Amino acid sequence: MAVSGPISSSTLDSLRSTLLNLSGHTPLAQRFRALFTLKNLGKLSSDSDSSLKIQDKPDTLVSDAAIVVISQGFADPSALLKHELAYVLGQMGNPKAIRVLEDVLQDEKQEAMVRHEAAEALGALSSASSEQLLRKYLHDNERCVRETCEIALARIDWARSQSIGQTKGSALSPPQFTSVDPAPPEILSSSFSSDSDSLDNIKSLQQKLTSADLPLFERYRAMFSLRNIVGSHVNVKVQKAAVDALAAGFDDDSELFKHEIAFVFGQLSTPHSIPALLQVLKNDNESAMVRHEAAEALGGIVGEPPLDSTSETVDVLSILKEWSTRSDAPRIVRESCLVAIDMWEYENSNEFQYANGLDTTTAEITVDA
């Protein structure tokens, strides 16, 4: 990402106004775009050798200011938005977000899915200072919070082992997957010298993925390994096998686990996952936490060409539009469908990037991917 021009306090004020809906009539999708613009600016500032500072406030880093703005959104009534705020704070890589995320985790008035995302973000930041709090919430009343704290603690342990060299040869994800994942992919024993080796790896990974006897962290590692196989393999048979292996995870009884499967499908944007995602979205007995993630994943897949001629074409956009207005759908599902539709509109527009919140400000800056 490249930035030209200064970043002023008026730029951040404009993004803040959009994100927090200060006007009272800002569409949710536009607020999401403002959020991811702040994420990009904040992460850019954190990663830069010379951290970006606000033009008219030279003592203030853009990354720190972005965290302040984002943290103000946790008073919003939308659980979907707050969940996304926590996710973004974890992805920005700035330790200044830790205190905010710890406060959200401890706030039992927040929705469980928001608190879970705060715990996951603490795992992404991997600070030893968060371990005591995460251990405390291993006994939370909400299962998804308990499970997320378990995974976050395991990730912090893993990150610690990386920093002191106890784990060698860490598997790297393909370049299209830039997220800080809740668990690293496994280091696969096979060199993928043949499609047969890949299929054997997929079978082994599916066994781990669906094994309720294994720690969730290990099952997540299998999940992200399967994602990487889909993302890096050119053989359609292998891709489909890995997608089917991931979809088998939807039979689990953990809403946290299933929601992560849907998130991974969103990263992959493969049409072969559409039937499984639609089944989740339409299932009234499924957790809203899982259904919302399925809806957002579908938004990134609409319009993608099928893997081969045998794949059935489904009018996903019409289904998303239907569920965005259904009175019997949970609010978070309806809102996720609206965000998914906005993602489709972006994919089918001439817009350069999704996080284009700066286009609605008077900023003197351009952000390029």
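Structure data summary
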{"quantity": "Förster radius 25 Å - calculated FRET efficiency between Ser179 and Ser17, Cβ distance, rounded to 0.05", "calculated": "0.35"}
{"quantity": "Karplus 3J(HN,Hα) series, Hz, for the range 284-296 with 6.51 cos²θ - 1.76 cosθ + 1.60 (x for Gly, Pro)", "calculated": "5, 8, 7, 4, 4, 4, 7, 5, 5, 5, 5, 4, 5"}
{"quantity": "Order by protection proxy (mean Cβ within 10 Å, highest first), peptides 262-270, 320-328, 28-36, 175-183", "calculated": "262-270, 28-36, 175-183, 320-328"}
{"quantity": "Electrostatic dipole magnitude of the range 179-272 [Cβ: Lys, Arg +1; Asp, Glu -1; Cα centre; debye, to 20]", "calculated": "260 debye"}
{"quantity": "Order by protection proxy (mean Cβ within 10 Å, highest first), peptides 153-162, 53-62", "calculated": "153-162, 53-62"}
{"quantity": "Rounded to whole Hz, the Karplus (6.51, -1.76, 1.60) HN-Hα couplings of the range 219-231, x for glycine and proline", "calculated": "5, 5, 4, 5, 4, 6, 5, 5, 4, 5, 5, 4, x"}
{"quantity": "Å³ per residue enclosed by the Cα convex hull of the range 96-149", "calculated": "61 Å³"}
{"quantity": "Label-to-label distance, nm, for residues given as Asp213 and Asp315 (7 Å Cα→Cβ offset)", "calculated": "4.8 nm"}
{"quantity": "Karplus-derived 3J(HN,Hα), 6.51/-1.76/1.60, for each residue of the range 208-218, Hz, glycine and proline x", "calculated": "5, 4, 9, 8, 5, 7, 7, x, 4, 4, 5"}
{"quantity": "Enclosed volume per residue, in Å³, of the convex hull spanned by Cα atoms of the range 1-155", "calculated": "110 Å³"}
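No lab work stands behind these numbers, since they all come straight from the coordinates. This is a predicted model, so every value here is computed, not measured. Note that we place each Cβ from the backbone using ideal geometry, even for glycine, and neighbour counts take in every protein chain shown.
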